[in-house]
Amino acid sequence: MSAKPKFAMYWAASCGGCEIAVLNIHEKILDVDANFDVVFWPVAMDAKYKDVAAMPDDSITLTLFNGGIRNDENEEIAHLLRRKSKILVAFGSCACEGCIPGLANFSPVDEIIDTAFHTVTTDKGSEVRLQTRYPAREGEIRLPTLYPTLRTLDQVAKVDYYMPGCPPESHQIAAVIDLVIAALNGKATLPPAGSVIGVGGSTVCDDCPRARNVKTIKAFKRIQDVRLDPTLCLLEQGIPCNGPATRQGCGALCPKAGAQCIGCYGPAEGVLDYGARLISSFASVIDSNTPDEIERILDGIPDPAGQFYRFSLPGSLLRAGKSARAK
Amino acid sequence: MSETFEPVIIGFTCNWCSYRAADLAGTARVKYPPNVRLIRLMCSGRLDPTFVLKALASGADGVLITGCHPGECHYIEQNYKAMRRFLLLRRTLTQMGIEPGRVKLVWASAAEGVRLAQEIANLVEEVRALGPLNWGKDETSSFILPPLPFELEAA
Amino acid sequence: MQRITIDPITRLEGHGKIEIFLNEEGDVANTYFQIPELRGFERFCVGRPVEEMPLLTNRICGVCPEAHHMAAAKAADAVYHVDPPPTAKKLRELLYSAFYVTDHTTHFYALGGPDFVMGPDAPVAERNILGVIHKVGLEIGGKVIQCRKYGHTVVEMIGGRKVHPCTSIPGGLTKGITEEQRLEIEKMGRWAIEFAQFSLKVFGDIVLGNKAYVDLILGDIYTHRTYSMGLVDADNRVNFYDGKVSVVDPEGKRMGTYAPNEYTDWIAEHVEPWTYLKFPYLKKIGWKGFVDGKDSGVYMATPLSRLNASDGMATPLAQAEYEKFYSTLGGKPVHQRLATHWARLIELLYAAERWVELATDPEITSPNFHTVPTEKPTEGVGIVEAPRGTLTHHYTTDERGVLTKVNLIVGTTNNYAPISMSIKKAAESFIRKGVVVSEGALNRVEMAFRAYDPCFGCATHSLPGQMPLQITIRDAEGKEVEVLRQYC
Ligand code: SF4
Ligand code: SF4
Ligand code: SF4
Ligand code: FES
């Protein structure tokens, strides 16, 4: 047994991009290896749930948890890892605020399953219904049960730190790992529990090189419909850019590449509800004082709820659409 | 709708006009339903859409936003900003399944106590007809949502 | 009845799990390969503007977001009936080629390759990339890392981000590249060609030079005579970004090719009640269960099937390898699943050659990278060849370009039935009377599906390249009698 601090990383309902982002720290991964004993990391090594269950409580120093809580299995592992970990980090947008898969919270779960099993190419007529306990000829086989809504990690377990981004940028990951290693060696102190780490304190706009002239607009536009000026603020050109509400951290990658920020770093510091902040930002660039004209301008945003809660519906104040909440 | 359902409405009022209108209604003994809890803001422009979401998420069945008539805002144009926010918020809420009738924006000057009382009464009836919103709890889920980390505080 | 549960913690739309049931005699009675999760993209993308699909569907898979980004962009082009300018198409394909190089490299060196380079019976502790490094030489580890870096650099230059690119929009891209960037991309591409050639040489020396390995490849356990599928260009040569889908029967005869918008005539999906994932099959043949042969609609969509379904490679070096491949393995088509690893390396070389071809195309730095759509959006299908199989996105929108219907047939899904069959066959071969014959045998079960590079099979390009796998043998009461563990 080595006396090195223990490290774990887990994916719940995730796309795997967070793991890729960690692997993309390239040589830095060797620092992880040198400074930690990797005890549980399904993508990289074989240790099972029951191995984790057998570990003493609080024995894992650092756990990076990515992915949202979509089913009972995800929740169980979240509880398990919480018990076993000293520091539990909600890693990536999925764990922090629900991310794109959280858009599922607009629809009832039955409808989600039904839709998947009634696409144009799905066999018709058979009407096979999915069974979480299926009596196969040879014995029962089981599937985890999907929850009515997707939840964030901190809605099922206490989270020590949040590390947003879809996925978090690798240089940010490297910086956080450096910090934790320094802290373990007594050369740095960790931020207070509950902090958001690996980010900046401001918004994406602050890192964005595009010029802002505090111009207001008469129309929202769709990005495919226009030739954009590569140097001017996208929002001031009518493109619904989420930069003003989004946490600084990526270095404004998307606007630099000519695309609007879609909000993957989640709410900026002090923002309670991401969508609410964006509603305010967008409302303030609209150049009109008459209800009819305002409505016409707003028609240029065909999907406001999706625009404002693309990454953060489960972590928002309302958490889900009404139909997903109630039968 | 159940006979016993009494909608809870949170009202955000502007200090300079509608709050006075409500006050006036009170002193003039114009009755408006007791379902509304008024929260005074300095101006409708101070209304952060977060307040509305917080109210709904914490158990309110409806929200009333009031401000000075267009052109009469003490801070010049702030009530137009409120209007733009409100219109965008309403679209968003509709997509979330929250009926547009639950959230209303009303202009009322300090002298319009009677009209404001009537608007409040209308809203209460409209929300009563829509039924409880029930956002605070989550009965149908297999889990209980933890309480919201924030209390609704008066601004 | 005994039951064996293999519970690798892996991902597709979720994780994967294998249940193996043994009969009274202790032989394999049946196997179930379950996908226990569904995230619901086909439902929750409805109501979203179609231009967001290249961004939203990225998040289906963080291993191959580039594939979803491309398929979505092409479907969105089709929805708007807009043909992006040549520069946009070339830039997208350039990004995609660099991605392919990275993806295939990682699979060969970290995931599938160690089985061959080290041999399936090598001690578990050596069957990983570190073992490969020892055998092939220290510099190989650095080259693999270099290759990943180069790939990601190109993806970020053109796609704006390393993971989940953001620049494809209906009608083209939001940005182009500068001459300076082009030069850098070209340089990296030339390196990639050399690297691909080197990788093929490693494979030739170690695998083809060893009769035991060749026998293993050609052996029966890893053979399924199914249909093969793959995207081809106008000359029926392998293409990853664009073209028609070619289907050949188990004898190698071309059944036909279909354009993206014809896919519903060709593909249908079978449903089983015990898994969240559907089983695609050839509609014209029909679903006959988990069986191979000409009468079963089961098909594969992998590097191997792409070679089978094409008439060759569009670049010279890869074409030479293609010819060698079939002459060594006894002609077309090849059904031995383990040959997929070799096919993957040939594709790696093609992707690298294509990378340089595109990087040296005079149009590639043109500022004409977007065509503004002018037609009313309606319906469209986009198909690209993802590393793990033909990827189909099908969207229907209202007149504002807001989605009303979405259908996705994701790369790995194509191979759900053949993977299930391979697992069953491998299990049957290696589990006798309730006993797993040897530790190496366990790895062979795993090799069966590692050949497909299934995304839920930990194709996550992990550094040590370990594939977690555990087979638990249980008695009739479900009590554990033996646990075998795999650290590949
Ligand atoms: S946060 Fe983004 S990259 Fe990470 S798992 Fe979720 S979708 Fe994938
Ligand atoms: S709104 Fe978007 S484009 Fe404008 S400054 Fe902010 S991030 Fe940049
Ligand atoms: S610009 Fe916005 S969407 Fe793009 S990476 Fe940064 S935070 Fe994420
Ligand atoms: S002061 Fe009343 S709305 Fe501004």
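The values are calculated or read from the model by the stated rules, or taken from the named source; none is laboratory data. For clarity, every value in this text was computed on a predicted model and none was experimentally measured. Please note: Cβ atoms are built from the backbone with ideal geometry, for glycine as well, and neighbour counts cover all protein chains shown. These accessible areas exclude ligands, DNA and RNA; they are computed on the full protein's heavy atoms, side chains included. Shrake-Rupley method; radii C 1.70, N 1.55, O 1.52, S 1.80 Å.
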With r defined as the distance between the Cβ atoms of A:VAL38 and C:ASP205 and R0 fixed at 30 Å, what FRET efficiency is calculated, to the nearest 0.05? 0.35
B:THR4-A:SER202 pseudo-label distance in nm [points 7 Å out on the Cα-to-Cβ vector]: 5.6 nm
Whole Å is fine, so just give me how far the alpha carbon centre of the range C:297-312 lies from that of the range A:131-158. 35 Å
Taking GluC sites (Glu not before Pro) as candidate sites, keep only those in a DSSP loop with at most 12 other Cβ atoms within 10 Å, then name the longest stretch of chain A containing none of them. A:128-268
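Within 9 Å, Cβ to Cβ, of A:VAL285, how many net charges do the neighbouring residues add up to if Lys/Arg are +1 and Asp/Glu are -1?
Neighbour charge sum, excluding A:VAL285 itself: -1.
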Exposure rule at most 14 other beta-carbon atoms within 10 Å, DSSP loop trypsin sites (Lys or Arg not before Pro): chain B longest free segment: B:32-136
q = 0.05 Å⁻¹: log10 I(q)/I(0) that the Debye formula gives for the protein assembly as shown, counting C-alpha atoms only: -0.30
Quantify how strongly other chains surround peptide A:161-168 by giving the mean number of their Cβ atoms within 10 Å of each of its Cβ atoms. 2
Which value at 222 nm does the protein assembly as shown reach when only helices count, each DSSP H run of 4 or more adding -39,500 (n - 2.57), with the total divided by all residues and rounded to the nearest 500 deg cm²/dmol? -10500 deg cm²/dmol
Just to confirm the filter: which GluC sites (Glu not before Pro) across the range C:362-395 are DSSP coil and have at most 16 other Cβ within 10 angstrom of their Cβ? C:GLU363, C:GLU375
FRET efficiency (C:GLU24, C:ARG225; Cβ distance; R0 30 Å; to 0.05) is 0.45
Tell me the label-point distance for the pair C:HIS81, C:VAL372, using the 7 Å Cα-to-Cβ offset, in nm and rounded to one decimal. 1.9 nm
Name the residues of the range A:16-34 whose accessible area falls by at least 50 Å² when all protein chains are present instead of the chain alone, probe 1.4 Å? A:ILE20, A:LEU23, A:ASN24, A:HIS26
Delta accessible area of at least 10 Å² on complex formation, residues of the range C:154-185, 1.4 Å probe, chain isolated as reference: C:GLU156, C:GLY160, C:ARG161, C:LYS162, C:VAL163, C:HIS164, C:CYS166, C:ILE169, C:PRO170, C:THR174, C:LYS175
Give the average, rounded to an integer, of partner chain Cβ atoms located within 10 angstrom of each Cβ in A:133-142. 6
Heavy-atom accessible surface that A and C bury in contact, both chains counted, 1.4 Å, Å² to 100: 7600 Å²
Mind giving me the nanometre distance, one decimal, between the label points for A:ARG142 and A:VAL214, set 7 Å out from Cα along Cα→Cβ? 6.2 nm
Give me the accessible area per residue for the range A:16-116, probe 1.4 Å, as a whole number in Å². 27 Å²
Could you sort out which of A:LYS86/C:LYS149; A:LYS28/C:LYS187; C:LYS162/C:LYS332; C:LYS244/C:LYS294 sit more than 29 Å apart by Cα distance in this structure? A:LYS86/C:LYS149; C:LYS162/C:LYS332
Centre separation in Å (Cα based) which lies between the range C:362-404 and the range A:238-255: 24 Å
Provide a whole-number value for the mean count of partner chain Cβ atoms within 10 Å of the Cβ atoms in peptide B:94-104. 4
Can you give the longest stretch of chain B with no exposed loop site, where a site means chymotrypsin sites (Phe, Trp or Tyr not before Pro) in a DSSP loop (not H, G, I, E or B) with at most 16 other C-beta atoms within 10 Å? B:6-74
Once the Cβ-Cβ distance between C:GLU251 and C:LYS284 is put in as r, and R0 is 25 Å, what FRET efficiency do you end up with, to the nearest 0.05? 0.95
Count charges around B:ASP23 for me, please; just the other residues with Cβ under 13 Å from its Cβ, Lys/Arg as +1, Asp/Glu as -1. +2
Over the range A:204-317, what number does the Rg to Rh ratio reach, with both radii from the alpha-carbon atoms and Rh per Kirkwood? 0.94
